[in-house]
Amino acid sequence: MSIKMRFMEATQNVTGSRYCVEANDMTLLVDCGLYQEREFRSRNWETFALPPESIDAVLLTHAHLDHCGLLPKLVHDGFRGNIYCTAATSDISEIMLLDSAKLQEEDAEFKRKRHEREGRKGPHPEVPLYTVDDAEASLPLFSPVRYGQTVELGDGISATFFDAGHGLGASMIKFSVKDNGKRKTIRTSDESKAINSIRGSAVKSLARVCVLGGG
Ligand SMILES: [Zn+2]
């Protein structure tokens, strides 16, 4: 058994957080954030580096859009698993995602009208990145957990959410993976230093880290 972590966000930017934990036969996605820096926004339109239907579950660290804002697109593109997070993160995500979807719709319409008026085409399609319907479709997948509660994800893998102190409901997630009777653990949170420590501990515990760059 090995635990693999793939950092699926680019290394030069701070938004668009998402990384994948592959352990035993499970594929888990930690966060699914929106790229918010102007120069990286076009990445929101790229095809996911993993087929969304192949992802078993998403675990959300918190409800900021750079961590949850691409979930409606993930669901639109085929993800059907559970989205585990604290109840507060679930409640805030609902508001954030519906609001973000409305803005995406308004933005697309605004661009369409402007381009029509100016008789030109923009670099991106004049359709919303995702719609309010997509955001609504993602809501039933949210599965709230309590701090300290351990969720069995299947295949000898469990996750426990701890208070990360980053905002209401924000969590550090500890993964525990059973390997021949022994348990290996890795942790995550929003802080970049914590992500770096995951890289370190993952490498130490024989995990392979693949930095995928954008996508
Ligand atoms: Zn944050």
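Subtract the Cα-Cα distance of D133 and E37 from 0.36 nm times their separation in residues, and report this length gain in nm to one decimal.
Result: 32.0 nm gained on full extension.
For labels at E109 and E126 in the simple 7 Å Cα→Cβ model, what's the distance in nm?
Calculated label separation equals 1.4 nm.
For H166 paired with E116, estimate the spin-label separation in nm (one decimal), with each label point 7 Å from Cα along the Cα-to-Cβ line.
Modelled inter-label distance: 4.1 nm.
Which trypsin sites (Lys or Arg not before Pro) in the stretch 34-126 pass both tests, a DSSP loop state and at most 15 other beta-carbon atoms within 10 Å?
R80, R120, K121
Take the alpha-carbon centre of the stretch 139-175, take the same for the stretch 11-79, and report the distance between them in whole Å.
Between the Cα centres of the stretch 139-175 and the stretch 11-79 lies a distance of 17 Å.
Run through the stretch 107-167 and list the chymotrypsin sites (Phe, Trp or Tyr not before Pro) located in a DSSP loop whose Cβ has at most 16 other Cβ atoms within 10 Å.
Y147
Distance in nm between label sites at S54 and D77, each 7 Å beyond Cα in the beta-carbon direction?
So the label points at S54 and D77 sit 1.2 nm apart.
Each value in this text was obtained by applying a stated rule to the coordinates, not by laboratory testing. Please read all numbers here as calculations on a predicted model, not as lab measurements. Neighbour counts are summed over all protein chains in view; Cβ atoms, including those assigned to glycine, are modelled from backbone coordinates with ideal geometry.
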